[in-house]
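Some notes on the structure that comes next.
The values are calculated or read from the model by the stated rules, or taken from the named source; none is laboratory data. This one's a predicted model, so the numbers in the text were calculated from it and none came from an experiment. Reconstructed Cβ throughout: ideal geometry from the backbone, glycine too, with neighbour counts over all protein chains shown.
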Amino acid sequence: MTVHAFLEAARHTPVIDVRSPSEFRNGHIPGAHNIPLFDDREREAIGIRYKKEGRITAILEGLKLSGPSMHSKLEEALRISAGGRLLVHCWRGGMRSEAMAWLFSLGGIETDILEGGYKSYRHHILEYLSVNRNMIILGGLTGSGKTHILRSLKENGHQVIDLEGLANHKGSAFGSLGQPPQPSSEHFANLLFDRLKETDPGMPVWLEDESRNIGTVFMPEKFFLNMQRNPAIILMMDIKTRLPRLIEEYSVYSPDELIIIIMKISRRLGGDRTKEAIEAVRIGDFSKAIEITLHYYDKAYLFGLGRKQEKDIYYINTDTDDIGTNARLVVEAAESTGK
């Protein structure tokens, strides 16, 4: 099947990724199940045989290694298959997917193989993510409640993609606190494609203003550049208004966790300010510690805004952190951009 037909069929048919577990962990089609023909050790051994002794020897080694576990692979496929049908792929749509499709057919499962394998899927999604799209970028100083505002917009029918939610990271040095492990940049792109393809291209998509990297995850370059070309609505809110939300969010973590992260940005804070922030955390003065770090983040964010075209930036000055009020203000600002 072509990648377009495969992804359409995947809406109602389970996808089986037969690549090795490490390949699957690094990135896979969202929702796919991993039934590897070879585990990582076996795949490495077959690769060595192929390089040293050629294709036929490698095939024989593969049969020897995979043979004893064929029954368990078929049992798992039978458990997963919906209506006796599965979609199958490997890296390039070659021997591994063909071998597993044959095995599944022995159990009466009808299988379709992705032409070009996962490699063709990756090519397809990166092309898709490179297309210029109608976006509205919501920015603002740290603690402005941007994620909550986007959630409110989504609940009211707007198209929203939570980039930080996909990346399992809140964007700042403190962004990993309380979050599950981050996906690879490769898998982040897969997840992003999965969300974006469900949106209406005729309507704008709301996204939070981000650096190209969110923690250790890097956005696809062309997608990120497209974000920079779209209008940005920036919430401007003083520190005192932002403090209560940040105190509530970060005071639940242990002093040791917070101090470790403050030390990571110590060069940017400066020695004296770092010491003040650490001491404030130790005595439970989270308001002071957050204020110190906010001065650094505010300065860095405003510097980043200077790289955007001024005509594409719409500032909103607000004296409240009420999510409903600020959501209404950003929608009104978006309407003024013609989006």
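Points to keep in mind about this one:
- Condition met for I29 (β-branched (V, I, T), at pLDDT 95 or above and in a loop (DSSP other than H, G, I, E, B)): yes
- One residue stands out in the range 136-194 among those that are among the polar types (S, T, N, Q) and within 11 Å of the chain's Cα centre (by Cα): the one that is surrounded by the most Cβ atoms within 10 Å (Cβ to Cβ), namely N190.
- Residues of the range 302-326 that turn out to be in a strand (DSSP E or B), of a type outside the set (F, W, Y) and surrounded by 14 or more Cβ atoms within 10 Å (Cβ to Cβ), as a count: 2
- Elements of type helices (runs of 4 or more DSSP H) contained in the range 214-301, each with 3 or more residues being surrounded by 15 or more Cβ atoms within 10 Å (Cβ to Cβ): 221-229, 239-250, 255-264, 271-282
- Within the range 140-196, the set of residues being small (G, A, S), farther than 22 Å from L294 by Cα and assigned to a loop (DSSP other than H, G, I, E, B) comprises G157, S184.
- The residue that is surrounded by the most Cβ atoms within 10 Å (Cβ to Cβ), counting only those in the range 80-116 that are within 21 Å of E23 (Cα to Cα) and of a type in the set (K, R), is R96.
- Scanning the range 40-65 for residues that are within 28 Å of L7 (Cβ to Cβ) and either among the aliphatic types (A, V, I, L, M) or more than 30 Å from the chain's Cα centre (by Cα) (or both) yields nothing.
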